[in-house]
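Novice: Before I ask anything, let me first share the structure, which is written out below as structure tokens.
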Amino acid sequence: MSKNTETVTIAIIGMNRIGKVHYQNLSSMVNVKIKYICDVVADQSWADLYPDVEKIVTDYHEALKDPDVQAVLICVPTDLHPKITMEAAQAGKDIFCEKPVGFDDDQIMQAYHTVQETGVKFATGFNRRFDKNFRRIVERRENGELGDEQILKITSRDPEPPSLDYINHSGGIFMDMTIHDFDMARYITGQEVDSVYVAGGVMVDPQIGKAGDLDTVLTTLVFKNGMLGSIDNSRKAVYGYDQRIELFGSQGMAQADNVTDTTTTYSGAQSVESDKPMFFFLERYLEAYRKEIESFLDAVRGKHEVECTFADGIKAIRLAQAAKESALTKKPVKVKDI
């Protein structure tokens, strides 16, 4: 069997909502073996839920010690990401880690250097990079169809706010929500951001403000090449999951609009109607989640390099940190490098 099609043996660490999404995708792929599911609350009943998985354990170290396991997916709470990353790297496992790669800077950098020193492959889970609509914008930019880039506009609004318990453990809107958009700003433009300026408020739920967070944010980006950008976020768009991107240049513009369940429109005497945007990220980015994991597996097989690296994950965090500081100081803030 060639390296390009060899079976990759996987362990999933953490079976929360996103862990289950990755399990569903992996279990339907050829040349993939899910040998372990690791979760602190796993019990015997899980054998019926995941019949194709050889071992269901509460201690992920069992998977790290197994020489058959080539790669791990880290889907646990964010504060555990650096610790498990370091242990997996030291065990020689290739790593896919959900965003963000951590909260604590020192721990993140320790994990980053451990990955570099061990030489394992590491992919950060920014699934939106793998959306075919957004990729088409990048293709047009890379083909030179847009000319010199001038303005980037990203709209990213959730259909409803998460629970207050989630808010309290999320790291705040910039680390939880806008971090996706910060990564997309770098990916779509191929440019680095020099500074950010944030205006934000609490317009959806006063309880979010009492928790020390914002729910409505406008971020202005100034890129190192001089181009400008804006990201607008809201925790509540009553019409659905609003995900739009526009890249404007000297020779043209590329736009990706919302995805709907159907493209059918109704035209009548009183109105012209179309479907609302899909309700939430699991529906909207269903295909992107699958493409993201397929890309990681192909990187493990050696077909290509990792597409969204550890450095990409850290740079998105640096943008989130600068945005948080700007929101507090009400001043533009320079974005730090890794």
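The values are calculated or read from the model by the stated rules, or taken from the named source; none is laboratory data. Bear in mind that the values here come from a model prediction, so they are computed numbers and not experimental data. No Cβ is skipped: glycine too gets one built from the backbone with ideal geometry, and neighbour counts run over all protein chains shown.
Novice: For the stretch 43-62, how many residues meet the condition of being surrounded by 14 or more Cβ atoms within 10 Å (Cβ to Cβ) and more than 24 Å from T7 (Cβ to Cβ)?
Specialist: 0
Novice: So the check is Cβ under 8 Å with 6+ separation or different chains; which pairs have a first residue in the stretch 202-214 that's without any contact (Cβ under 8 Å) to a residue 24 or more places away in the chain and a second one that's hydroxyl-bearing (S, T, Y) and surrounded by 15 or more Cβ atoms within 10 Å (Cβ to Cβ)?
Specialist: V202/T216
Novice: Then there's this: Going by what's in this entry, would K236 be described as surrounded by fewer than 20 Cβ atoms within 10 Å (Cβ to Cβ), over 19 Å from A316 (Cα atoms), basic (K, R) and modelled with pLDDT of 95 or more?
Specialist: Spelling it out, K236 is indeed surrounded by fewer than 20 Cβ atoms within 10 Å (Cβ to Cβ), over 19 Å from A316 (Cα atoms), basic (K, R) and modelled with pLDDT of 95 or more.
Novice: Can you go through I154, I137, I95 and tell me which one is β-branched (V, I, T), within 20 Å of the chain's Cα centre (by Cα) and closer than 30 Å to I208 by Cβ?
Specialist: I154
Novice: Can you name the residue in the stretch 291-330 that is not assigned by TED's automatic domain parsing to the domain that holds M177 and not in a helix (DSSP H, G or I) and is also surrounded by the most Cβ atoms within 10 Å (Cβ to Cβ) among such residues?
Specialist: Restricting to residues being not assigned by TED's automatic domain parsing to the domain that holds M177 and not in a helix (DSSP H, G or I), the top hit is C308.
Novice: Further, regarding this structure: Since S156 meets every condition but one in (1) of a type in the set (S, T, Y); (2) buried (at least 18 other Cβ atoms within 10 Å of the Cβ); (3) free of Cβ contacts under 8 Å to residues at least 40 places away in the same chain, which condition does it not meet?
Specialist: Going through the list (1) of a type in the set (S, T, Y); (2) buried (at least 18 other Cβ atoms within 10 Å of the Cβ); (3) free of Cβ contacts under 8 Å to residues at least 40 places away in the same chain, S156 breaks only (3).
Novice: Among the strands (runs of 3 or more DSSP E) contained in the stretch 43-116, which hold 3 or more residues that are more than 19 Å from T309 (Cβ to Cβ)?
Specialist: It comes to 55-57.
Novice: A further question follows. Working carefully through the options I317, I293, find the one that is of a type in the set (A, V, I, L, M, F, W, C), within 18 Å of C75 (Cα to Cα) and in contact with a Pro (Cβ under 9 Å, 6 or more places away or on another chain).
Specialist: Answer to the check: I317.
Novice: Residues T329, T309: which one is of a type in the set (S, T, Y), free of Cβ contacts under 8 Å to residues at least 60 places away in the same chain and out of contact with any helix residue (DSSP H, G or I) (no Cβ under 7 Å at 6 or more places or on another chain)?
Specialist: Within the list T329, T309, the selection yields T329.
Novice: Follow-up question, since we're still on this one. Kindly establish whether L146 is part of a strand (DSSP E or B), in the same structural domain as V202 (by TED's automatic domain parsing) and not aromatic (F, W, Y).
Specialist: Here the answer is no, as L146 does not meet what is asked.
Novice: If I ask for residues that are outside any loop (DSSP other than H, G, I, E, B), within 23 Å of the chain's Cα centre (by Cα) and among the aliphatic types (A, V, I, L, M), which ones from the stretch 222-276 would you list?
Specialist: V222, L228, I231, I245, L247, A254, A256 - these are the residues of the stretch 222-276 that are outside any loop (DSSP other than H, G, I, E, B), within 23 Å of the chain's Cα centre (by Cα) and among the aliphatic types (A, V, I, L, M).
Novice: Among the numbered conditions (1) over 28 Å from V30 (Cβ atoms); (2) without any contact (Cβ under 8 Å) to a residue 12 or more places away in the chain; (3) not aliphatic (A, V, I, L, M), tell me where D48 comes up short.
Specialist: It is condition (1) that D48 fails.
Novice: Determine whether the stretch 204-216 contains at least one residue that is surrounded by 22 or more Cβ atoms within 10 Å (Cβ to Cβ) and touching a Ser or Thr at 6+ places or on another chain (Cβ under 6 Å).
Specialist: Within the stretch 204-216 (the criterion being surrounded by 22 or more Cβ atoms within 10 Å (Cβ to Cβ) and touching a Ser or Thr at 6+ places or on another chain (Cβ under 6 Å)), the answer is no, since none of the residues qualifies.
Novice: Inspect the stretch 209-221 for any residue being at negative phi, in contact with a helix residue (DSSP H, G or I) (Cβ under 7 Å, 6 or more places away or on another chain) and part of a helix (DSSP H, G or I) and give the result as yes or no.
Specialist: No, because not a single residue in the stretch 209-221 is at negative phi, in contact with a helix residue (DSSP H, G or I) (Cβ under 7 Å, 6 or more places away or on another chain) and part of a helix (DSSP H, G or I).
Novice: Mind counting the residues in the stretch 159-200 that are touching a Phe, Trp or Tyr at 6+ places or on another chain (Cβ under 9 Å), free of Cβ contacts under 8 Å to residues at least 60 places away in the same chain and not in a helix (DSSP H, G or I)?
Specialist: Residues meeting the conditions: 1.
Novice: Same structure, new question: Output the number of residues of the stretch 122-138 satisfying the condition of being surrounded by fewer than 20 Cβ atoms within 10 Å (Cβ to Cβ) and not in a helix (DSSP H, G or I).
Specialist: Residues in the stretch 122-138 being surrounded by fewer than 20 Cβ atoms within 10 Å (Cβ to Cβ) and not in a helix (DSSP H, G or I): 0 in total.
Novice: Let me ask something additional. Would you be able to say whether some residue in the stretch 10-29 is farther than 16 Å from S295 by Cβ and more than 22 Å from the chain's Cα centre (by Cα)?
Specialist: The answer is no, given that none of the residues of the stretch 10-29 is farther than 16 Å from S295 by Cβ and more than 22 Å from the chain's Cα centre (by Cα).
Novice: Oh, and also: Right, I167: among the β-branched types (V, I, T) and either under 20 Å from the mean Cα position of the chain (by Cα) or within 19 Å of F279 (Cα to Cα) (or both) or not?
Specialist: Judged against the criteria, I167 is a match.
Novice: Further, regarding this structure: Looking at G249, G268, which one is over 23 Å from A237 (Cβ atoms), of a type outside the set (D, E, K, R) and in contact with an Asp or Glu (Cβ under 6 Å, 6 or more places away or on another chain)?
Specialist: On inspection, the qualifying residue turns out to be G249.
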